[in-house]
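Trainee: Before I ask anything, let me first share the structure, which is written out below as structure tokens.
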Amino acid sequence: MRNKADLLKHGNIFYYDYVFKWQLELGRKDGEKSRPVCVLTVLKSANGLTHVGLLAVSATPPKADQLAIELPQIECRRAGLKEWKGGWVIVSEYNYDIVERSYSLDVNQDSIGRFSKQFMQRLADEALPLFRRGGARIDRTKA
């Protein structure tokens, strides 16, 4: 793949140094590890920069203050996470990044899989109302 446009398609799964809200609240600015994320939004601005909204995909059950959608086994397989017994997509928060300026996003990697359009619609239906209320965005563009 090794093409930014191919990697950053809606529903694609790849590895990224995701920062959870609880980590940010502890003063951390970098993720503890590279983890699977799902591309929820991709917007190209007038100045040519690519803005992305990324959701964390985790094998660990969500914390009490996180809202998540459980991954059906078929979506685990589609996402390239066949070895997982189960998983969740956190929909109550997301990492915002600008691809061309990112220290955390490696566009030279291959996608490990992709969620179905139907599952992506379910994620969007759950996440977008929460995002509109505010407080869900974790801005990775700030050092």
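Trainee: Do we have any residue at all in region 83-100 that's in contact with a Pro (Cβ under 9 Å, 6 or more places away or on another chain), of a type in the set (A, V, I, L, M, F, W, C) and either farther than 23 Å from A5 by Cα or in contact (Cβ under 8 Å) with a residue 24 or more places away in the chain (or both)?
Mentor: Yes, because at least one residue in region 83-100 is in contact with a Pro (Cβ under 9 Å, 6 or more places away or on another chain), of a type in the set (A, V, I, L, M, F, W, C) and either farther than 23 Å from A5 by Cα or in contact (Cβ under 8 Å) with a residue 24 or more places away in the chain (or both).
Trainee: Run V19 past the list (1) farther than 14 Å from N95 by Cβ; (2) touching a residue at least 60 places away in the same chain (Cβ under 8 Å) and report the number of the one that doesn't hold.
Mentor: It is condition (1) that V19 fails.
Trainee: Provide a single number: the residues in region 23-41 that are of a type outside the set (G, A, S), over 13 Å from the mean Cα position of the chain (by Cα) and under 17 Å from D139 (Cβ atoms).
Mentor: Summing the residues that are of a type outside the set (G, A, S), over 13 Å from the mean Cα position of the chain (by Cα) and under 17 Å from D139 (Cβ atoms) in region 23-41 gives 7.
Trainee: Can you tell me how many residues in region 118-139 are within 21 Å of K44 (Cβ to Cβ) and among the charged types (D, E, K, R)?
Mentor: Residues flagged as within 21 Å of K44 (Cβ to Cβ) and among the charged types (D, E, K, R) within region 118-139 amount to 2.
Trainee: Identify, please: which residue in region 117-143 is at pLDDT below 90 and within 14 Å of the chain's Cα centre (by Cα) and is, among those, surrounded by the fewest Cβ atoms within 10 Å (Cβ to Cβ)?
Mentor: This residue is L128.
Trainee: Anything in region 36-53 that is touching an Asp or Glu at 6+ places or on another chain (Cβ under 7 Å) and either without any contact (Cβ under 8 Å) to a residue 12 or more places away in the chain or surrounded by 16 or more Cβ atoms within 10 Å (Cβ to Cβ) (or both)? List them, or say none.
Mentor: We begin by selecting, within region 36-53, every residue touching an Asp or Glu at 6+ places or on another chain (Cβ under 7 Å); these are 49-50, 52.
Correct list: T50, V52.
Trainee: Taking only region 1-35 into account, find how many residues are within 19 Å of L67 (Cα to Cα), in contact with a strand residue (DSSP E or B) (Cβ under 9 Å, 6 or more places away or on another chain) and exposed (fewer than 14 other Cβ atoms within 10 Å of the Cβ).
Mentor: Number of matching residues: 0.
Trainee: Which residues, counting only those in region 1-40, are in contact with a Cys (Cβ under 6 Å, 6 or more places away or on another chain) and assigned to a helix (DSSP H, G or I)? Spell out the reasoning first.
Mentor: So in region 1-40, the residues in contact with a Cys (Cβ under 6 Å, 6 or more places away or on another chain) come out as 13.
Once the filter is applied, which keeps residues that are in contact with a Cys (Cβ under 6 Å, 6 or more places away or on another chain) and assigned to a helix (DSSP H, G or I), region 1-40 yields nothing.
Trainee: Next up: Name the strands (runs of 3 or more DSSP E) wholly within region 56-116 that hold at least 1 residues that are loosely packed, with under 15 Cβ neighbours inside 10 Å and of a type in the set (D, E)?
Mentor: By residue number, 68-70.
The values are calculated or read from the model by the stated rules, or taken from the named source; none is laboratory data. Nothing here was measured: the structure is a model prediction, and the numbers come from that model. Note that each Cβ is placed from the backbone with ideal geometry, even for glycine, and that neighbours are counted across all protein chains shown.
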